[in-house]
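The values are calculated or read from the model by the stated rules, or taken from the named source; none is laboratory data. All figures in this text were calculated on a predicted structure; none of them were measured in a lab. So basically every Cβ, Gly included, is an ideal-geometry build from the backbone, and we count neighbours across all protein chains shown.
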Amino acid sequence: MSATSPQIRILEVPPPSSADAEPTPAIVGWSEIDAEASREVFGHDDFTETPAQYVARFADQRHSTKTLLVAVPEGVTGQPTEPGQVLGVAPFGLPTDDNLHLAQGGVSVRASARRQGIGTALWRAAEERIRAAGRTTVTEWTAHAAEVPDGVEVLEAKTGVGKIPATDAAARFALRHGFTLEQTERQSTLRLPVAPETVAAWRAEAQGVAGADYRVVQWENRTPEQWLEPMAELNRRMSTDVPMGGLEFEEEAWDAQRVRDLDERAAARGYRYVLSAAEHVPSGTLVAYTQLDVSKHKPEVSYQETTIVHGEHRGKRLGLLVKSANIELLAATHPAVRRIHTWNAGENEHMLAINIRMGFELAAVEGAWQAKLGAPATAESTPAESTAV
């Protein structure tokens, strides 16, 4: 299926047949566009992935139906034959286990192809498909510099915490197409190594507050069978316990198989991880955990995934306990890592306090946007720039 816009065509790219399929020109083009957008904001390649990683991500349709739309010059017939023919992309996912009202995605356009209406054409085509699937809410994230220069107009999140430049192309695009800035997240970075005695002191302090009722359990890359169900329960709670502002996320449906699928998806994309959890000894279940990922393609970088403490066990320094234990495990198993990137909702004061104490420094701000799909969009198209996915 395709839609038309002046001088371009919008094509739907079929998902790869397997996680290890050869990247097509369309997928290579997608990875190039995302990498360009990431470098523009962050000034580095820590958040870029290889085309093979994009293949693995797109091929995994187990818990979300994923669609990739690409914009190509109108003279291109069929699928792109060269990555450079991909002028813009609109990937989006539709959760299939829960949150059946929701679509998640965004639009990104090559810098050389902006201000030609390509972003708008992609969004209209994506919106049409999202509506047809019965979804009523769309979320997307945009990345911005950490500090807003003096004199620049700002846009504040509806939470009242955090702001981004209202003049950024990503913000203008989102506002033009009916999105509201619901929340901001702080993207922070910790430079490694941290002195081992410092990390050990954090852990000892936290263990002293937690007491003998809690002990640290750790593993790498694959969840032990005995912890699959407890991990499913913690992830279920994570889906609603973290601050989300006005984002309309419903509780996620987690079971042991979904936890195992998460492990397998990370491995297929070339990631290894270290995980530290807190077991509540009297009940024999897990009540907190944190996870750090490392890509085989970037062994010097680690990415903070979930950190959660069960609501009934807060106030016992379990967040500091598992995070310090995990930094120790990371140093022992991945000594080449030199920086950890993490993301926290601006209003998540408790977790931010832990991170700041550990030495994480503000590096960027991300905007969490939401659009409610009302009446069908008009066919009118206005020039637009890109928003990063």
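Which residue is nearest to the chain's Cα centre (by Cα), if the candidates are limited to segment 91-119 and must be part of a loop (DSSP other than H, G, I, E, B) and among the β-branched types (V, I, T)?
Here the answer is V107.
Which one is surrounded by the most Cβ atoms within 10 Å (Cβ to Cβ), of the residues in segment 183-213 that are farther than 20 Å from H310 by Cβ and of a type in the set (V, I, T)?
Across segment 183-213, the extreme among qualifying residues is T184.
Is it fair to say A37 is buried (at least 21 other Cβ atoms within 10 Å of the Cβ) and within 24 Å of A170 (Cβ to Cβ)?
Taking the combined requirement at face value, the residue satisfies it.
List the residue pairs whose Cβ atoms are under 7 Å apart, where the first residue sits in segment 337-359 and is free of Cβ contacts under 8 Å to residues at least 12 places away in the same chain, the second is surrounded by 21 or more Cβ atoms within 10 Å (Cβ to Cβ), and the two are 6 or more positions apart or on different chains.
none
Could you pull out the residue among V109, V161 that is within 27 Å of Q85 (Cβ to Cβ), touching a residue at least 12 places away in the same chain (Cβ under 8 Å) and in contact with a strand residue (DSSP E or B) (Cβ under 9 Å, 6 or more places away or on another chain)?
When all the criteria are applied, what remains is V109.
Return the only residue of A52, A19 being assigned to a loop (DSSP other than H, G, I, E, B) and modelled with pLDDT of 95 or more.
The match here is A19.
Pairs under 9 Å by beta carbon, first residue in the same structural domain as A256 (by TED's automatic domain parsing) and within 12 Å of E279 (Cβ to Cβ) in segment 207-222, partner hydrophobic (A, V, I, L, M, F, W, C) and at pLDDT below 95, six or more apart or different chains?
Partner pairs satisfying both residue conditions: none exist.
One residue is enough: does segment 99-107 have a residue meeting the conditions within 25 Å of A35 (Cβ to Cβ) and surrounded by fewer than 19 Cβ atoms within 10 Å (Cβ to Cβ)?
No: zero hits.
Tell me, which strands (runs of 3 or more DSSP E) wholly within segment 124-236 include 2 or more residues that are hydroxyl-bearing (S, T, Y) and under 21 Å from the mean Cα position of the chain (by Cα)?
The strands (runs of 3 or more DSSP E) meeting that bar are 137-145, 180-191.
Within the set of pairs 6 or more residues apart or between chains, which connect a residue that is farther than 22 Å from E128 by Cβ inside segment 9-31 to a residue that is among the hydroxyl-bearing types (S, T, Y) and outside any helix (DSSP H, G or I) with Cβ atoms less than 8 Å apart?
Note: pairs meeting the criteria are P16/T24; P25/T81; S31/T48; S31/T50.
Being part of a loop (DSSP other than H, G, I, E, B) and acidic (D, E), is that true of even one residue in segment 57-67?
Yes: segment 57-67 contains one or more residues that are part of a loop (DSSP other than H, G, I, E, B) and acidic (D, E).
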